[in-house]
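Let me begin by presenting the structure, written as structure tokens, before commenting on it.
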């Protein structure tokens, strides 16, 4: 027999009512530098498994009183042992026995009469699979920890820049189903009266999307200005789109953006859109809520994309509602979409409330509609002019 030093630390538990067969298997495994523990009963085998944490378990399929099945159920339910491969040993080579063994939770069934070299080779195959599973689990654990750190960093970075605006009530709401988010909002004071407002949504919900939100935030912090005419909303989005294209990001990582300059003294609201959802404006004077039609190409798709500015004036108690598509692209149990019109009607029914309550009530309605299965990032910015 060849010497496999890499198997010296691997452990196998052999369970059989026949102590002689247990010792026979123990000797074979020892010859192949595999440490073997033996047991002749179900209860004793459970205790050994929990104490020694074997890498593989061989158990007689005909262990008395259904012991093999009972043992397998307990092992598979155990948090620490659940991934341990279980190989049934049998003298019955019938198709029914094989199917029953696998259906009961076993990973394989091997005849006791199998050539011992083949038996050891098959055990080693399961040991290799166990190592792969453990390695993958370790990587996943590290990745999860990294994502948790990335989530904290992203939230810290994106939280800077969300502020109050004098003469206005403001509510900014974010919901993310995963640790990291592809949505971003930010507000920047440009002068005594002017503010820049940003709401963007990067496609996807993973780490790459979250990193792009940080890039957008950095671009916003540097380029959101008032005095330079080139930084009107349409020019801002054009420049951001050129940045996306020049960096040669994967085209699957496109983004939508709504960008506005707002004068909190006069109510002047100048805005442009790059594929963003149409905002909703509530007019206190007419007591109506309507979509503001605004178009523009998605960010990161084409270099020669064009954008345009629009201007409205917010009067006292007017409300503008800006949101990402997660606020209406959700479905109920009948696979019916919530939709933009339903969102507009819901918003209109809540306009007598303060803006924070409007946000909270909208989210509660979305949760109710979807049976708490909100799968997309949701961002909302609601601004009411109070003077």
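The table below lists the values:
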{"item": "Ranked by how many other beta carbons lie within 10 Å on average, peptides 259-269, 16-26 from highest", "result": "259-269, 16-26"}
{"item": "Distance (nanometres) between label positions extended 7 Å along Cα→Cβ at residue 291 and residue 315", "result": "2.5 nm"}
{"item": "Segment residue 354-residue 53, length gained on full extension (0.36 nm per residue, minus Cα span)", "result": "102.5 nm"}
{"item": "Cα gyration tensor category, rounded, prolate or oblate, for segment 160-385 with a/c compared to 1.5", "result": "oblate"}
{"item": "Relative contact order (%) - criterion: Cα under 8 Å, at least six apart; region: segment 160-385", "result": "25 percent"}
{"item": "Distant alpha-carbon pairs in segment 5-138 (separation over 17 angstrom), percent", "result": "55 percent"}
{"item": "Cα-derived Rg over Rh, computed across the chain with Rh taken as Kirkwood radius", "result": "1.24"}
{"item": "Virtual spin-label span in nm between residue 62 and residue 31, 7 Å along Cα→Cβ", "result": "2.4 nm"}
{"item": "Estimated FRET transfer efficiency (residue 133, residue 250; beta-carbon r; R0 25 Å; 0.05)", "result": "0.25"}
{"item": "Antiparallel bridge percentage (DSSP; both residues within the chain; nearest 5)", "result": "70 percent"}
{"item": "Peptide ranges 369-376, 270-277, 211-218, 233-240 listed from the most packed, as the mean C-beta count within 10 angstrom indicates", "result": "270-277, 233-240, 211-218, 369-376"}
{"item": "Length added when fully stretched, residue 386-residue 329, from 0.36 nm per residue minus Cα-Cα", "result": "17.4 nm"}
{"item": "Computed helical MRE - 222 nm, the chain, DSSP H runs ≥ 4 contributing -39500 (n - 2.57), nearest 500", "result": "-12500 deg cm²/dmol"}
{"item": "Taking 380, 62, 232 and counting other C-beta atoms within 10 Å, the order from fewest to most", "result": "62, 232, 380"}
{"item": "Relative contact order (percent, whole number), the chain, Cα cutoff 8 Å, 6+ residue spacing", "result": "13 percent"}
{"item": "Most to least packed among 343-350, 242-249 [average Cβ atoms within 10 Å]", "result": "343-350, 242-249"}
{"item": "Simple label model, 7 Å out from Cα along Cβ direction - residue 228 to residue 156, nm", "result": "2.9 nm"}
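Values in this text are rule-based calculations from the coordinates and carry no lab data. Quick caveat: nothing in here was measured; it's all calculated off a predicted structure. For neighbour counting, all protein chains shown are included, and Cβ atoms are generated from backbone atoms with ideal geometry for every residue, glycine included.
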